[in-house]
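Student: Below: one structure in structure tokens.
The values are calculated or read from the model by the stated rules, or taken from the named source; none is laboratory data. Predicted model only: the values in this text are computed from it and were never measured. Note that we place each Cβ from the backbone using ideal geometry, even for glycine, and neighbour counts take in every protein chain shown.
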Amino acid sequence: MASVSEHSDLEQARSETTDMFKAMLGALGTNSTEVETELFTPGVQPGQPVQGVIRMRCQDRPVRIKGVAVELITRAEREYDGREHLVDLAFARQPVFGPFELHPGHPLEGRFELRTPWETPITFYNGRHLHGTAVAVRTRVDVDGGFDAADTDPIGVGALPAQHVLLAAVEAWGFGIQHADVEAGRVDRIPHQLPFFQEIEFGPSPRLPGLNQLEVTFVADPHGMYVVLEADKRALLFSPGRDVQDAIRVDFATFEQVNWVDVIGQRLHLLAR
């Protein structure tokens, strides 16, 4: 479980990403209902549940609601027409209640619990917001005769203990985090469930000058995770620059028994050869 200070950091991350998602409100809908979602969970780690309550009321006439659901969304880069585009991708949908008819003067309230997938992108590591990545809980209201996008609430997602250790091991070799983003698509030869993956980008290290840049991707499940290392190898006199990749499987039950600074160092030196 995250500590009190970590929860404070994750709450700050929610505040920093609010503007990014609030722009989506009102893009669809009839404005016939008012929907407010309150999250009891300021931040989570992958695999943990988000809890909250949805409150609904209508203004001046009854509204027939076909269903209310919550889902997680993230903003991802998708390539088409030869260019990169930002798209909002939804995942981990959970029905809450419905169908029913909402009447003026009779508000409705329903609690929910939405479990985050193990592959959920992280937005916070070691007290730092990973700029470029955001996750939110979106409430969707299916109104008879039209669709309403009702409310969107950013949430912080902190690194799992094993993810924290692996990122710290990379930093120990002189690489500094610069940016993080989410890419639509799949990781080659790595099994995963979600239609996207996160890349955490590091700048060059003076200890390994053969690598211009390093990207780390985590693909987690209940028992462990794959750690994908992808590096931009510097061009040499008789060798062109190229991308090189390696992958490591980490077992959650035993990862604390491994010296990950040594393991990561060995893998990075192989990539730089």
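Student: Does LEU194 count as in a helix (DSSP H, G or I), buried (at least 18 other Cβ atoms within 10 Å of the Cβ) and among the aliphatic types (A, V, I, L, M)? Even if it seems obvious, please write down each step before you answer.
Tutor: Details: in a helix (DSSP H, G or I): no; buried (at least 18 other Cβ atoms within 10 Å of the Cβ): yes; among the aliphatic types (A, V, I, L, M): yes.
In short, no.
Student: Would you check which residues across region 197-211 are closer than 13 Å to HIS269 by Cα and surrounded by 14 or more Cβ atoms within 10 Å (Cβ to Cβ) and list them?
Tutor: SER205, ARG207, LEU208, GLY210, LEU211
Student: Hey, any hits in region 239-254 for a residue that's in contact with a strand residue (DSSP E or B) (Cβ under 8 Å, 6 or more places away or on another chain), among the basic types (Lys, Arg) and crowded, with 18+ Cβ neighbours inside 10 Å?
Tutor: no
Student: Do we have ALA169 as in contact (Cβ under 8 Å) with a residue 40 or more places away in the chain, more than 22 Å from GLU77 (Cβ to Cβ) and either in a loop (DSSP other than H, G, I, E, B) or not basic (Lys, Arg) (or both) here?
Tutor: Spelling it out, ALA169 is indeed in contact (Cβ under 8 Å) with a residue 40 or more places away in the chain, more than 22 Å from GLU77 (Cβ to Cβ) and either in a loop (DSSP other than H, G, I, E, B) or not basic (Lys, Arg) (or both).
Student: Continuing with this model, one more query. Answer yes if at least one residue in region 8-25 is of a type in the set (Phe, Trp, Tyr), at pLDDT below 90 and under 23 Å from THR120 (Cα atoms), and no otherwise.
Tutor: Going residue by residue through region 8-25, those that are of a type in the set (Phe, Trp, Tyr) are 21.
Next, only the ones that are at pLDDT below 90 stay: 21.
Imposing the further condition that a residue be under 23 Å from THR120 (Cα atoms) reduces the set to 21.
Looking for residues that are of a type in the set (Phe, Trp, Tyr), at pLDDT below 90 and under 23 Å from THR120 (Cα atoms), one finds at least one in region 8-25, hence yes.
Matching residues to (1) at positive phi; (2) in the same structural domain as PRO222 (by TED's automatic domain parsing); (3) among the small types (Gly, Ala, Ser):
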{"position": "GLU113", "(1), (2), (3)": "no, no, no"}
{"position": "TRP118", "(1), (2), (3)": "no, no, no"}
{"position": "PRO121", "(1), (2), (3)": "no, no, no"}
{"position": "ASP144", "(1), (2), (3)": "no, no, no"}
{"position": "ARG186", "(1), (2), (3)": "no, yes, no"}
{"position": "GLU199", "(1), (2), (3)": "no, yes, no"}
{"position": "GLY203", "(1), (2), (3)": "no, yes, yes"}
{"position": "LEU208", "(1), (2), (3)": "no, yes, no"}
{"position": "LEU211", "(1), (2), (3)": "no, yes, no"}
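For (1) modelled with pLDDT under 95; (2) within 26 Å of GLN193 (Cβ to Cβ); (3) buried (at least 17 other Cβ atoms within 10 Å of the Cβ); (4) of a type outside the set (A, V, I, L, M, F, W, C), each residue gets a yes or a no:
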residue: ARG55; (1), (2), (3), (4): yes, no, no, yes
residue: ILE73; (1), (2), (3), (4): no, yes, yes, no
residue: PHE100; (1), (2), (3), (4): yes, no, no, no
residue: PHE112; (1), (2), (3), (4): no, yes, yes, no
residue: ILE122; (1), (2), (3), (4): no, yes, yes, no
residue: VAL135; (1), (2), (3), (4): no, yes, yes, no
residue: ARG140; (1), (2), (3), (4): yes, yes, yes, yes
residue: GLY146; (1), (2), (3), (4): yes, no, no, yes
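Student: Report yes if GLY82 is exposed (fewer than 14 other Cβ atoms within 10 Å of the Cβ), touching a Ser or Thr at 6+ places or on another chain (Cβ under 9 Å) and not charged (D, E, K, R), otherwise no.
Tutor: Details: exposed (fewer than 14 other Cβ atoms within 10 Å of the Cβ): yes; touching a Ser or Thr at 6+ places or on another chain (Cβ under 9 Å): no; not charged (D, E, K, R): yes.
Spelling it out, it is not the case that GLY82 is exposed (fewer than 14 other Cβ atoms within 10 Å of the Cβ), touching a Ser or Thr at 6+ places or on another chain (Cβ under 9 Å) and not charged (D, E, K, R).
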